[in-house]
Each structure stands twice: as C-alpha cells, then as structure tokens.
1. Quick one: among 41, 56, 29, which has the greatest mean-square fluctuation in a GNM of the chain with alpha-carbon springs under 10 angstrom?
2. Report the extension gain between residue 36 and residue 66 in nm, rounded to one decimal, defined as 0.36 nm multiplied by the number of residues separating them, less their alpha carbon distance.
3. Calculate for the chain the 222 nm mean residue ellipticity that helices alone would give, adding -39,500 (n - 2.57) per DSSP H run of length 4 or more and normalising by residue count, nearest 500 deg cm²/dmol.
4. Using the 10 angstrom Cβ neighbour count as an exposure proxy, how do 53, 43 rank, fewest first?
5. Most fluctuating residue of 35, 14, 54 in a GNM of the chain with Cα springs under 10 Å: which is it?
6. Mind sorting out which of (i) 50; (ii) 63; (iii) 70 is the real percent of Cα pairs over 14 Å apart computed from the coordinates?
7. Could you work out how far helix 3-18 tilts from the main Cα principal axis of the chain, as a 0 to 90 degree angle to the nearest 10?
8. With axes computed from alpha carbons, what is the tilt in degrees of helix 54-63 against the longest principal axis of the chain, rounded to the nearest 10 within 0 to 90?
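Taken together, the values in this text are just the output of simple stated rules run on the coordinates, not laboratory data. Treat the numbers as computed from the prediction; the structure is a model and nothing was measured. Using ideal geometry, Cβ is built from the backbone for each residue, glycine included, and neighbour counts are taken over all protein chains shown.
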C-alpha cells in the first residue's frame, strides 16, 4: 500500500472514529492522533492520572481563552 493510499484510509477512519473533517485530520499531528487512539483503545497511557480539578480548568481557561 502506498503512502497516499494509507493516509487516505487513515483520514477516513479518523473521520468515522473521531468525527473529524478531512482538514482537521491533515492539521493534526501524529502525536495527537496517537493520543486519541490510545484513549479509545483503553491503553491508559494518553496522559493518565486524575482529571483536572476546577482550579486547573479555570487557570487553563484564562491562559487559553477562545472567545
């Protein structure tokens, strides 16, 4: 299978699995794609640990406002 064929197949799978439009797939990094796959497969190594608490989320919202 050529790179073009493999990339096209992976883009289609990302669209089905993650709801990604083609442009989202092509803008994603391999690390981002791998993290999502680890989460979906239950690998547990995609960050691990407890979810962020309210204070951490508030800090992130201030640091990265999105409108």
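1. Maximum fluctuation in the GNM of the chain, among the listed residues, is at 56.
2. Roughly 8.6 nm would be gained on extension.
3. -20000 deg cm²/dmol
4. 53, 43
5. Its mean-square fluctuation being the largest, the pick is 54.
6. (iii)
7. Compared with the principal axis, the helix lies near 40 degrees.
8. That works out to roughly 70 degrees.
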